[in-house]
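Peer 1: Here's a structure for you.
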Number of protein chains: 4
Amino acid sequence: MNKVKIGVIGSGFQADIHCASCRILAEEGEVVAVASPTPGRARALADRHGISGAHRDYREMLAEPDIEMVTIAAPNHLHAEMVRHAAEAGKHVICEKPLCLTLDEADQMIDICRTKGVLLLYGEELLFTPKYLKAKTMADEGAFGRIHLITQCERHPGPHAAWFRDLRRAGGGVFMDMGCHGIAFCYWFLGRSPIATVYCQMNAQEPEGEDALEDNSLCILEFENGAVGLVENSWTRVGGMDDRIEVYGSRGLTLGDLHMGNALPTYSETGYGYAGEKAPGTKGWSYPVYDELYNYGLPQELAHFARCVRGKEQPITTGEDGRAVLEVLLAGYASAGEGRKVALPFRPKNVRHPAELWLAGRLKGEDAGL
Amino acid sequence: MNKVKIGVIGSGFQADIHCASCRILAEEGEVVAVASPTPGRARALADRHGISGAHRDYREMLAEPDIEMVTIAAPNHLHAEMVRHAAEAGKHVICEKPLCLTLDEADQMIDICRTKGVLLLYGEELLFTPKYLKAKTMADEGAFGRIHLITQCERHPGPHAAWFRDLRRAGGGVFMDMGCHGIAFCYWFLGRSPIATVYCQMNAQEPEGEDALEDNSLCILEFENGAVGLVENSWTRVGGMDDRIEVYGSRGLTLGDLHMGNALPTYSETGYGYAGEKAPGTKGWSYPVYDELYNYGLPQELAHFARCVRGKEQPITTGEDGRAVLEVLLAGYASAGEGRKVALPFRPKNVRHPAELWLAGRLKGEDAGL
Amino acid sequence: MNKVKIGVIGSGFQADIHCASCRILAEEGEVVAVASPTPGRARALADRHGISGAHRDYREMLAEPDIEMVTIAAPNHLHAEMVRHAAEAGKHVICEKPLCLTLDEADQMIDICRTKGVLLLYGEELLFTPKYLKAKTMADEGAFGRIHLITQCERHPGPHAAWFRDLRRAGGGVFMDMGCHGIAFCYWFLGRSPIATVYCQMNAQEPEGEDALEDNSLCILEFENGAVGLVENSWTRVGGMDDRIEVYGSRGLTLGDLHMGNALPTYSETGYGYAGEKAPGTKGWSYPVYDELYNYGLPQELAHFARCVRGKEQPITTGEDGRAVLEVLLAGYASAGEGRKVALPFRPKNVRHPAELWLAGRLKGEDAGL
Amino acid sequence: MNKVKIGVIGSGFQADIHCASCRILAEEGEVVAVASPTPGRARALADRHGISGAHRDYREMLAEPDIEMVTIAAPNHLHAEMVRHAAEAGKHVICEKPLCLTLDEADQMIDICRTKGVLLLYGEELLFTPKYLKAKTMADEGAFGRIHLITQCERHPGPHAAWFRDLRRAGGGVFMDMGCHGIAFCYWFLGRSPIATVYCQMNAQEPEGEDALEDNSLCILEFENGAVGLVENSWTRVGGMDDRIEVYGSRGLTLGDLHMGNALPTYSETGYGYAGEKAPGTKGWSYPVYDELYNYGLPQELAHFARCVRGKEQPITTGEDGRAVLEVLLAGYASAGEGRKVALPFRPKNVRHPAELWLAGRLKGEDAGL
């Protein structure tokens, strides 16, 4: 059977990863076109990966009949419209995290894809990270008994592009950007047990301007099954990436560390080529990782999605998951704004950008002397 | 100059540690007597450590003129009265953590010791833990820039004695027992920056009875200087002790691990003598630690206190610290009960046992469907 | 282009790995048949992996016209003849390590494959191990300056099958079985710098019978470029697998650990499915690895060999490498027998099984009172 | 009872450590004087540690009647004469490793101390290193069954003073300087089982001049009880200190790491005060250790020796141990020179400096084309 032909919307860091990941496990799918409005960017990305098609307008790319699936690696505020266009063009869609900015958008995205008979696939790679999959497998085998606590932390020195720090395009700061990973991870790890409450603490430790979004957050999830999730994120962690999980249960525990826990501790006076995403340098002591995309699970994710298009597998991460995560993100911002835990379900009205719920509260909190 | 003569009140796990710690760094002080109401226990402890004096009634021991300092290793609800008796007898006092159950008690303890001219020393060993001291030294040298976040976690499979799980004697569960360590640590690490707010999440994952105290807690401290503290505790962590810190700042970070991070990874089919406090066993893979009390800092703490009695050093942890920690514990229980963060200063009225503030809320929360 | 069709000779542990590895990176090659003389074994292996062909006689399998390449996962003493038969049948050959038992055999294998125009590929997976490849990449980028010392150790509790302990079938013990890995690794890592001398120390720590082969060995290689290699092997290491490298140079160093250094430290009272090859169990503390074959590099090795067959890549490990390693193995056994270092080139006469060179010396040494 | 009054001969790195160590565990002994021929050095060292006495001539110091014990922290070639003078003055002696340069010297040192009734104490701190002591304790408890292999490695970027690289003063290079540690460690760990053979490989990877001493060595010890020791040393290891042990036995194993295995992994853009002996810097990633002298065991060693002087304990490391180590060092150099293993007992004639045995062989080896 032919490989699934894929179009990539975007030309930045994440779009490059989609192209690269597709080449690592190449049996199921291949990227045949990329689209980016910035002149020259699509062509450059396509050339870097030996891809023939390059478009300025992604809608032009959606018109290509042989393309069966598109991936969306664009700023968050564009996800909803792009998914709609893709669905209308009859393409299956992989939408990068977070799914979108509002629950209304999320509902519409899920609805249109269902109506048009295309898959809405949610790009949460932690569900494919091999080390974390091993933890999940052990948990499902009963290794840890009943789960009491799961922690997932992701910290690094800050995002790749300016739009991540822009409320209107990103919808929020580090909690929106990376909190979504930890929320999805805990939710999936616990078999999608409903989440009862959300508490979130956040602040801007290194604010760039008055209206700075949060660059550090701590989020506590109480699940209906009694387990607790702790999601820790930072954009101000110097020294490179950190991505770890801890799972504690009544009968056992496991500790997973994607970076220092997989790396080759290395000392070099001269430096060398590449240590890893956001690594601070290669001189002195460093922690180079290997097969980085594979160890994140990105090629596996794309291969899974391609197999879903072919009907060989059922999607393990969908628009519904993205929506569930978004609801927690909204509740988290509201919680941080109000200084109290928020019960789910939670559907705030008239909120266009999730972090508004916190920014509003921050002002109020200042008035209250908190 | 003669060694400071010390009397130990208590005969359990912690009293034994006091006696053992005193022998490790023996230059400054020596335990000359122990007191315990349980028949035979004081004598047994004294014999184990080559101590001459053994008393059934600690007040009898307080009457010994050559004793200059006593340590209190008794259940929490007895601390206040014992400190008062010691002060009235003109003895310096080392009071184990947590200081006591109420702020009224704390104020009285501080007051009586000041009035009687004796030192009220607060037994928080994390301020003497060599690995953590190194982290503090680096922080004070500017290694991390401005601190954004400190985490301190202590987890183990549950306490040594039954009274830890009794509201009336302990005042609370794991948060009272070990949360006090992390709170003191963050507070001290940040140079006693005032704490602005406290949020705490807790539950009983493995409840022993209907009125079970919390056995897991997560506590978030917001300091006035902008830093955040995260204190993580558990009594249901199987696999042995875990005691770790993480310090993140604008210019650096450090990671300290007292157990797996100091141990000799060991595999044994036969087993061996001792791996460490609360270790699950010595067969198979284990993480034996060495010089355990030294690496906790307990001998150093006692030697420091003895030097304080001799006027050679100023106490670095006092009743005032214990009181500050207690205020946060109270706020934490109130926070957990109410599901919101609590601003300091906080002085609840008519609360005899801190965890009541949570237990009350737990009931209310159930009513509210949280 | 069609996938390379592969036949597997053997039905044991290694043959199973060949089949499984081929499925992990499935784009380039596929196993279509297996052959094993033991009744039922080939069929069982084939069924486990969804392979159609199963043969009792590998020569029957070699007669299949669509098979382009065979892998040899049989006892060492059969390698030479099997390679000859495969070459005569016009099949490319992957020969598992060690290449064979004598240099005469090695020369004949290389010769016949050249004459028949088929590839003789040497199954040394350490050249494909992703973590070790990263170390090599850094070295080639100059990260470590001039290399002073490379160590490679592989230790585990003993081999999978009885023939490994049989001089006539295996040719030697742990040094033959696993020393070949470390020798190949150092040789490749240093750009195939000629080896000047070999010293080897070995003994049977847990001998099974009077004529026990060595179960522990330490081998020191002096390279002509001045670097030193240290190869450490054991069949008596309890507690599971250990596979590590250390690279020390004038300007840097790196440390690679395939097992504990990649694993999730895990504690379980109940146990779980699988921790890793030769792991002692899954209860208590364990070090489960993930994507084990991938992290060894076996799927990558097979995919590379398939691409070599298609002319897309040049083989990076060939019969010549296997021969070079065998020469060192022979020198190592002679060295252990004589208690002195042996200079290369070394071509002992009338030695049918490498370990004879040591066993002879062992007797002599006993006479000499060493 | 009074503290043992100690005089220190030397004013360099090791003498400073003696003074500092004595202050850490101060109950048993105190340094009251130091002696160094270099003008001003003794006074400076004494002032740094609050010591009253400072002498230019150590024999002057030996005349002080209240001094009961001296420590020798001088170049190796002076040890024998200094011990003799100390013994004649009736002082107990702590002699730093290695004991001396020849077996004749060793025999005379042991003899004169016995004759004069003073203790000859051998300064091997690995016998007091707390982490390694734990390994020994577990071994003695049977944790590992019968020991198969012990490895001890010590690597760093090179010595503190010029005399370490001078054949006449040091007697040899890194094998003399640090090989003595590993030899003593294995010997002690195995209960002083006799050593049957020694093989040593060494070279000068970064020679400073034509007559450079070895800066890298690998030494294999075969013990009569069947165990094997592997001692790995380097003066060209960049990136700081490395001191590790591995113990493998029939029933278990343990791994001890004094530096990375005890440190706080730390990242700092600014740097901080001190990371550890020979650490390459404090910016970027570093591995700061804490309580460094304590974790080496040096204060414990001095306290033990002081207790020996008081008759409270029996010396656990004496001139006889130093002599046994020296014999292995001599055999090791001979082995490296001849390229073969050397059986003990071994007493070379007319060798004034141990490394001559290797240097001679190196020339011969070059002749022989090795």
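The values are calculated or read from the model by the stated rules, or taken from the named source; none is laboratory data. Owing to the predicted nature of the structure, the values given are computational and were not obtained by experimental measurement. Reconstructed Cβ throughout: ideal geometry from the backbone, glycine too, with neighbour counts over all protein chains shown.
Peer 1: Could you figure out which of (1) farther than 25 Å from C:LEU302 by Cβ; (2) assigned to a helix (DSSP H, G or I) isn't true of C:GLU105?
Peer 2: All conditions are met except number (1).
Peer 1: Filter the stretch D:292-311 for residues that are closer than 22 Å to D:ILE245 by Cβ and in a helix (DSSP H, G or I) and give the result.
Peer 2: Across the stretch D:292-311, the qualifying residues are D:GLU292, D:LEU293, D:TYR294, D:ASN295, D:TYR296, D:LEU298, D:PRO299, D:GLN300, D:GLU301, D:HIS304.
Peer 1: Additional query: Among the residues of the stretch A:114-146, which ones are aliphatic (A, V, I, L, M) and either away from chain C (no Cβ under 11 Å) or outside any helix (DSSP H, G or I) (or both)?
Peer 2: Selection gives A:VAL118, A:LEU119, A:LEU120, A:LEU121, A:LEU126, A:LEU127, A:ALA143.
Peer 1: Additional query: If you check D:THR270 against the conditions, is it touching a strand residue (DSSP E or B) at 6+ places or on another chain (Cβ under 8 Å), surrounded by fewer than 19 Cβ atoms within 10 Å (Cβ to Cβ), more than 10 Å from chain A (Cβ to nearest Cβ) and in contact (Cβ under 8 Å) with a residue 12 or more places away in the chain?
Peer 2: So D:THR270 passes the test.
Peer 1: Mind checking which residues of the stretch D:211-232 are of a type outside the set (Val, Ile, Thr), at the interface with another protein chain (Cβ under 8 Å from one of its Cβ atoms) and more than 15 Å from D:LEU329 (Cα to Cα)?
Peer 2: The one that is of a type outside the set (Val, Ile, Thr), at the interface with another protein chain (Cβ under 8 Å from one of its Cβ atoms) and more than 15 Å from D:LEU329 (Cα to Cα): D:GLY226.
Peer 1: Which ones in the stretch A:239-297 are β-branched (Val, Ile, Thr) and closer than 22 Å to A:SER21 by Cβ?
Peer 2: Passing the criteria: A:ILE245, A:VAL289.
Peer 1: Also: Of everything in the stretch A:238-252, what is away from chain D (no Cβ under 14 Å) and of a type outside the set (Gly, Ala, Ser)? Give them in sequence order.
Peer 2: Passing the criteria: A:ASP243, A:ILE245, A:GLU246, A:VAL247, A:TYR248, A:ARG251.
Peer 1: So which of A:VAL328, A:VAL289 ends up being β-branched (Val, Ile, Thr) and in a helix (DSSP H, G or I)?
Peer 2: A:VAL328
Peer 1: Taking the residues in the stretch A:328-350 that are of a type outside the set (Gly, Ala, Ser) and touching a Pro at 6+ places or on another chain (Cβ under 8 Å) as candidates, determine which candidate is nearest to the other protein chains (Cβ to nearest Cβ).
Peer 2: A:LEU344
A quick yes/no check of all residues on (1) out of contact with any helix residue (DSSP H, G or I) (no Cβ under 8 Å at 6 or more places or on another chain); (2) at positive phi; (3) of a type in the set (Ser, Thr, Tyr):
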position	(1), (2), (3)
C:GLY281	yes, yes, no
C:TYR287	yes, no, yes
C:LYS312	yes, no, no
C:GLY319	no, no, no
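Peer 1: I want to confirm something. Restricting to the stretch A:132-143 and keeping residues that are touching a helix residue (DSSP H, G or I) at 6+ places or on another chain (Cβ under 7 Å) and touching a residue at least 60 places away in the same chain (Cβ under 8 Å), which single residue is surrounded by the fewest Cβ atoms within 10 Å (Cβ to Cβ)?
Peer 2: Per the criteria, the residue is A:ALA139.
Peer 1: A further question on this structure: Would you pick out the residues in the stretch A:253-264 that are over 16 Å from B:ASN233 (Cα atoms) and either within 8 Å of another protein chain (Cβ to nearest Cβ) or not in a loop (DSSP other than H, G, I, E, B) (or both)?
Peer 2: Correct list: A:THR254, A:LEU255, A:GLY256, A:ASP257, A:MET260, A:GLY261, A:ASN262, A:LEU264.
Peer 1: Working carefully through the options B:LEU218, B:LEU149, find the one that is without any contact (Cβ under 8 Å) to a residue 24 or more places away in the chain and either of a type in the set (Lys, Arg) or assigned to a strand (DSSP E or B) (or both).
Peer 2: So the residue among B:LEU218, B:LEU149 that is without any contact (Cβ under 8 Å) to a residue 24 or more places away in the chain and either of a type in the set (Lys, Arg) or assigned to a strand (DSSP E or B) (or both) is B:LEU218.
Peer 1: A further question on this structure: Can you report the number of residues in the stretch D:266-286 which are in a loop (DSSP other than H, G, I, E, B) and of a type in the set (Gly, Ala, Ser)?
Peer 2: Qualifying residue count for the region: 6.
Peer 1: (1) at pLDDT 95 or above; (2) in contact with an Asp or Glu (Cβ under 7 Å, 6 or more places away or on another chain); (3) under 17 Å from B:CYS308 (Cβ atoms): which one isn't true of B:THR71, the others all being true?
Peer 2: Going through the list (1) at pLDDT 95 or above; (2) in contact with an Asp or Glu (Cβ under 7 Å, 6 or more places away or on another chain); (3) under 17 Å from B:CYS308 (Cβ atoms), B:THR71 breaks only (2).
Peer 1: Check the stretch A:280-298 and report whether any residue there is more than 13 Å from every other protein chain (Cβ to nearest Cβ) and surrounded by 19 or more Cβ atoms within 10 Å (Cβ to Cβ).
Peer 2: Yes, the conditions are met somewhere in the stretch A:280-298.
Peer 1: Working only within the stretch D:105-143, note down all residues that are aliphatic (A, V, I, L, M) and touching a strand residue (DSSP E or B) at 6+ places or on another chain (Cβ under 7 Å).
Peer 2: Of everything in the stretch D:105-143, those that are aliphatic (A, V, I, L, M) and touching a strand residue (DSSP E or B) at 6+ places or on another chain (Cβ under 7 Å) turn out to be D:MET109, D:ILE110, D:VAL118, D:LEU119, D:LEU120, D:LEU121, D:ALA135, D:MET138, D:ALA139, D:ALA143.
Peer 1: Are any residues in the stretch D:194-215 among the polar types (S, T, N, Q) and in contact with a Phe, Trp or Tyr (Cβ under 7 Å, 6 or more places away or on another chain), and if so, which ones?
Peer 2: The answer is D:GLN201, and nothing else.
Peer 1: Name every residue in the stretch C:161-170 that is over 14 Å from the mean Cα position of the chain (by Cα) and of a type outside the set (D, E, K, R), in order of residue number.
Peer 2: C:ALA161, C:ALA162, C:TRP163, C:LEU167
Peer 1: Which condition does D:CYS308 not pass, out of (1) modelled with pLDDT of 95 or more; (2) on the phi > 0 side of the Ramachandran plot, if it passes all the others?
Peer 2: Going through (1) modelled with pLDDT of 95 or more; (2) on the phi > 0 side of the Ramachandran plot one by one, D:CYS308 breaks only (2).
Peer 1: Here's something else I'd like to know. Do you know which of the residues in the stretch D:179-235 that are surrounded by fewer than 24 Cβ atoms within 10 Å (Cβ to Cβ) and among the hydroxyl-bearing types (Ser, Thr, Tyr) is nearest to the chain's Cα centre (by Cα)?
Peer 2: Among residues in the stretch D:179-235 that are surrounded by fewer than 24 Cβ atoms within 10 Å (Cβ to Cβ) and among the hydroxyl-bearing types (Ser, Thr, Tyr), the one nearest to the chain's Cα centre (by Cα) is D:TYR187.
Peer 1: Looking only at residues in the stretch D:167-200 that are in contact (Cβ under 8 Å) with a residue 60 or more places away in the chain and either out of contact with any helix residue (DSSP H, G or I) (no Cβ under 9 Å at 6 or more places or on another chain) or in a loop (DSSP other than H, G, I, E, B) (or both), which one is nearest to the other protein chains (Cβ to nearest Cβ)?
Peer 2: So the residue we want is D:ALA196.
Peer 1: Let me ask another. Does any residue of the stretch C:313-325 turn out to be part of a loop (DSSP other than H, G, I, E, B), within 14 Å of chain B (Cβ to nearest Cβ), under 30 Å from A:ASN262 (Cβ atoms) and more than 21 Å from the chain's Cα centre (by Cα)?
Peer 2: For the stretch C:313-325, residues part of a loop (DSSP other than H, G, I, E, B), within 14 Å of chain B (Cβ to nearest Cβ), under 30 Å from A:ASN262 (Cβ atoms) and more than 21 Å from the chain's Cα centre (by Cα): absent.
Peer 1: Out of the stretch D:89-109, which residues are buried (at least 24 other Cβ atoms within 10 Å of the Cβ) and among the β-branched types (Val, Ile, Thr)?
Peer 2: If the condition is that a residue be buried (at least 24 other Cβ atoms within 10 Å of the Cβ) and among the β-branched types (Val, Ile, Thr), then D:VAL93, D:ILE94 are the ones that fit.
Peer 1: Next question. Given the criteria more than 9 Å from every other protein chain (Cβ to nearest Cβ), out of contact with any strand residue (DSSP E or B) (no Cβ under 9 Å at 6 or more places or on another chain), in contact (Cβ under 8 Å) with a residue 12 or more places away in the chain and not acidic (Asp, Glu), does C:TRP235 qualify?
Peer 2: No, not satisfied.
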